[in-house]
Amino acid sequence: MSVLLQEKTKPILSVDEQIDKLKENGVTFKYVSEDHAKEYLRKNNYYFKLTSYRKNFLKKEVDGKKMYIDLDFAYLQDLAIIDMELRYLLVDLSLDIEHWTKIYLLNLIQLHNEDGYEIVNDFLDSLDKNQYDRLENEVLRNRNSIYCEDLINSYPDLKKYPIWVFIEVISFGTLISFYKFCGERYNDKMMSKDHFILKMCKSVRNAAAHSNCIINDLNAKTTSLSTSYLVTKELANIEKISKVTRIKKMSNGRIQQVISLLYMHKKLIPSEGVRKNAVTNLQKFSDRIKRNGHYYDNNDLIRTTFEFLNIVIDNWYPVDKNI
């Protein structure tokens, strides 16, 4: 083994050693016992993922060593559970967005008297060779899928796919690219603006679907991307959110993507039943955030971010109004 590899290699810790490591770094066990924490690490979560939420807590130097300030194991546990529920919620909402994006496109091409074949062929012709090859491989990978094989085997030539089949066998990412193509084809500037927001929806959807942590870093200025003007304008209509707060919170890439997804769902979904279901689930999530709010009384970063999310949910998905 090389010296460099030896320097970078960290030994795997037993659960007892993990608890000791947490205590060495200032993590307390006031709200849950060490035995409970060990059981949680054995059965419900794992050390690397759970401790990623520590980025939301400040450190101070104690006897020459940096220790976390006001960080109890229960706080990490609570954030991990909130994050899990948020991931499930985001996947659910993104599936709605993907479905109604397809409906929107199908209605759009009918409005423009497309035959459903030429537009697919033109889109494929707009791709360079690498893009086309990737798309073809993307479709052919599903050739043996019990869910897509009948569709794909019925149309061996990708360039002869009708639109109603094409949108069923492509990924969400390709669907978004096709959405942009249609916006350019019909000179629809709003679709170009929506395309940018849809890309953000895809990013956070992919993270949630792969069980990546969402709220493990809520610090400001973690994205170089500007928030869509459409989203910013909608947020500006919320009186309880100041401009300073809006800019600060939306400078966090994770929150920026979550809010963009909530905006797109609110804008795109016409079904009253689906929207009411979203209201129910989002309000339930909002209640879950508040459950242990006292944990974060001394943590401005988490407290104000949760307040921001709750205000957006209450304003965009109100429980006491007809949608």
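The values are calculated or read from the model by the stated rules, or taken from the named source; none is laboratory data. Everything numeric here is computed off the predicted structure, so don't read it as measured data. Neighbour counts are summed over all protein chains in view; Cβ atoms, including those assigned to glycine, are modelled from backbone coordinates with ideal geometry. For the accessible areas, the whole protein counts, side chains as well, though only heavy atoms, and no ligand, DNA or RNA atoms are used. Shrake-Rupley method; radii C 1.70, N 1.55, O 1.52, S 1.80 Å.
Determine which member of the set THR245, THR305, THR280 is farther than 14 Å from LEU90 by Cβ, of a type in the set (Ser, Thr, Tyr) and under 18 Å from the mean Cα position of the chain (by Cα).
One residue alone meets the criteria, THR305.
The set of residues in the stretch 153-207 that are in contact (Cβ under 8 Å) with a residue 24 or more places away in the chain and aromatic (Phe, Trp, Tyr) comprises TYR161, TRP164, PHE166, PHE172, PHE178, TYR179, PHE181, TYR186, PHE196.
Condition check for LYS38 on (1) assigned to a helix (DSSP H, G or I); (2) under 13 Å from CYS213 (Cα atoms): one failure, at (2). Here SER224 fulfils each of the conditions (1) open to solvent by 70 Å² or more (accessible area, probe 1.4 Å); (2) modelled with pLDDT of 95 or more; (3) hydroxyl-bearing (Ser, Thr, Tyr) apart from (2).
Among the residues that make up the stretch 8-16, is at least one of them more than 30 Å from SER171 (Cα to Cα), modelled with pLDDT under 95 and buried (at least 18 other Cβ atoms within 10 Å of the Cβ)?
Looking through the stretch 8-16, none of the residues is more than 30 Å from SER171 (Cα to Cα), modelled with pLDDT under 95 and buried (at least 18 other Cβ atoms within 10 Å of the Cβ).
Report whether or not TYR186 is of a type in the set (Phe, Trp, Tyr) and more than 25 Å from VAL258 (Cα to Cα). When the stated conditions are applied, TYR186 passes them. Among the residues of the stretch 65-76, those that are surrounded by fewer than 22 Cβ atoms within 10 Å (Cβ to Cβ) and either touching a Leu at 6+ places or on another chain (Cβ under 8 Å) or more than 16 Å from ASN299 (Cα to Cα) (or both) comprise LYS65, LYS66, TYR68, ILE69.
Output the residues belonging to the stretch 222-278 that are free of Cβ contacts under 8 Å to residues at least 24 places away in the same chain and among the hydrophobic types (A, V, I, L, M, F, W, C). Matches in the stretch 222-278: ALA236, VAL244, ILE247, MET250.
So GLU118 clears everything in (1) modelled with pLDDT of 95 or more; (2) among the acidic types (Asp, Glu); (3) within 23 Å of LEU95 (Cα to Cα) except one condition, right? Which one? Checking GLU118 against (1) modelled with pLDDT of 95 or more; (2) among the acidic types (Asp, Glu); (3) within 23 Å of LEU95 (Cα to Cα), the one that fails is (3).
If you check GLU184, GLU168, which single one turns out to be within 26 Å of LEU124 (Cβ to Cβ), modelled with pLDDT under 95, assigned to a helix (DSSP H, G or I) and open to solvent by 40 Å² or more (accessible area, probe 1.4 Å)? Outline the logic, then answer.
Values: GLU184 fails: modelled with pLDDT under 95.
Among GLU184, GLU168, only GLU168 is within 26 Å of LEU124 (Cβ to Cβ), modelled with pLDDT under 95, assigned to a helix (DSSP H, G or I) and open to solvent by 40 Å² or more (accessible area, probe 1.4 Å).
From the list LEU151, LEU135, LEU108, exactly one residue is more than 22 Å from LYS199 (Cβ to Cβ), in a helix (DSSP H, G or I), open to solvent by less than 70 Å² (accessible area, probe 1.4 Å) and not aromatic (Phe, Trp, Tyr). Which is it? Give the steps one after another, and end with the answer.
Values: LEU135 fails: more than 22 Å from LYS199 (Cβ to Cβ); LEU108 fails: more than 22 Å from LYS199 (Cβ to Cβ).
Answer to the selection: LEU151.
Applying a threshold of 7 Å to beta carbon distances and a minimum spacing of six or more residues, or different chains, the list of pairs starting in the stretch 23-45 at a residue that is open to solvent by 60 Å² or more (accessible area, probe 1.4 Å) and ending at one that is of a type outside the set (Lys, Arg) reads LYS30/ASP72; TYR31/ASP72; TYR31/ALA74; GLU34/ILE19; ARG42/VAL15. Filtered by the rule that a residue be open to solvent by 70 Å² or more (accessible area, probe 1.4 Å), closer than 18 Å to LYS267 by Cβ and in contact (Cβ under 8 Å) with a residue 12 or more places away in the chain, the stretch 85-105 gives a lone residue, TYR104.
Of everything in the stretch 261-301 that is touching a Leu at 6+ places or on another chain (Cβ under 9 Å) and polar (S, T, N, Q), the residue that is least open to solvent (accessible area, probe 1.4 Å) is SER286. Being assigned to a helix (DSSP H, G or I), in contact with a helix residue (DSSP H, G or I) (Cβ under 8 Å, 6 or more places away or on another chain) and more than 21 Å from SER203 (Cβ to Cβ) is the filter; apply it to the stretch 229-256 and report the residue that is most open to solvent (accessible area, probe 1.4 Å). Within the stretch 229-256, the match that is most open to solvent (accessible area, probe 1.4 Å) is LYS243. Considering only residues that are open to solvent by less than 60 Å² (accessible area, probe 1.4 Å) and either touching a Leu at 6+ places or on another chain (Cβ under 7 Å) or among the hydrophobic types (A, V, I, L, M, F, W, C) (or both), which ones fall in the stretch 154-165? Across the stretch 154-165, the qualifying residues are LEU158, ILE163, VAL165.
Just name the residue that is farthest from ILE302 (Cα to Cα) out of those in the stretch 46-64 that are in a helix (DSSP H, G or I) and open to solvent by less than 80 Å² (accessible area, probe 1.4 Å). Write out each step before concluding.
Filtering the stretch 46-64 for residues in a helix (DSSP H, G or I) gives 47-56.
Of the ones still in play, those that are also open to solvent by less than 80 Å² (accessible area, probe 1.4 Å) are 47, 49-53, 56.
Working: TYR47: 21, LYS49: 18, LEU50: 16, THR51: 15, SER52: 14, TYR53: 10, ASN56: 7 Å.
Looking at residues that are in a helix (DSSP H, G or I) and open to solvent by less than 80 Å² (accessible area, probe 1.4 Å), I get TYR47.
Being touching a Phe, Trp or Tyr at 6+ places or on another chain (Cβ under 6 Å), within 19 Å of PHE29 (Cα to Cα) and either touching a residue at least 60 places away in the same chain (Cβ under 8 Å) or of a type in the set (A, V, I, L, M) (or both): is that true of LEU76 here? Criteria met by LEU76.
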